Amino acid sequence: MLSNVSQTETQDLVLQRRIREGDNAAFADLYARHKQGVYLFCTRFLGDRPLAEDIFQEVFVNLLEKIREGQQIDNIRAYLLRSARNRCYNCIRDRKYAKDVDDLRDILPGGEEADPDDHAELHAALRQLPDDNRDALLLCEYEGYSYDEIAGLTSVPVSTVRKRIFRARRKLRELLSPGMTRV
């Protein structure tokens, strides 16, 4: 796995150099490599596809500007996800955005088959978690990131990631009805 990560980062560094040299195809390659993960993170975080698309586009425009300004970004994936997370938080805070429960169906356990009442209950419980704990849980459960990867994305030690996920799961078990405790 580590060899894959370093190979990916090396390829991203080469693409960054080409972008700084004016190669527009290099940005298209970089975009293609990372678009799916960033888009899914934004849609799952916000629960609103049009809003997530706006944030998603802002993240990549910002990345392009930073690279063209000469900034060297060692881990593009971590940079993009951190930027997406921060922009999502800003959007929620600035617009006092509330997720629509129906838009959560694609990210909750059970998908479309799950009981709508379960969706509402889980959504309400997730909102009650501290932001850091909710982020770690979502990255682990819905994005499939390992604790090590989450530590890299959030710039905290792995032990902190473990504690945050443990606390998030414990709190969800307390908040959810007996039939819902599948986290």
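The values are calculated or read from the model by the stated rules, or taken from the named source; none is laboratory data. What you see is a predicted model; the values in this text were computed from it and never measured. Every residue, glycine among them, receives a Cβ derived from its backbone with ideal geometry; neighbour counts consider all protein chains shown. Remember, those area values only see protein heavy atoms, side chains included, never the ligands or the DNA or RNA. Shrake-Rupley method; radii C 1.70, N 1.55, O 1.52, S 1.80 Å.
Checking every one of the GluC sites (Glu not before Pro) in the stretch 1-75 against DSSP loop status and a limit of 10 other Cβ atoms within 10 Å picks out GLU21, GLU69. Site pair ASP29 and GLN7 shows an inter-label distance of 1.5 nm when each label is modelled 7 Å from Cα along Cα→Cβ. Local charge for THR10 was computed over the other residues whose Cβ lies under 14 Å away, with Lys and Arg +1 and Asp and Glu -1, and equals 0. Label sites at ASN75 and VAL14, each approximated as a point 7 angstrom past Cα along Cα to Cβ, lie 2.2 nm apart. Whenever you get a sec, compute what percent of the accessible area on the stretch 1-79 sits on carbon and sulfur atoms (1.4 Å probe). Result for the stretch 1-79: 49 percent of the exposed heavy-atom area is carbon or sulfur.
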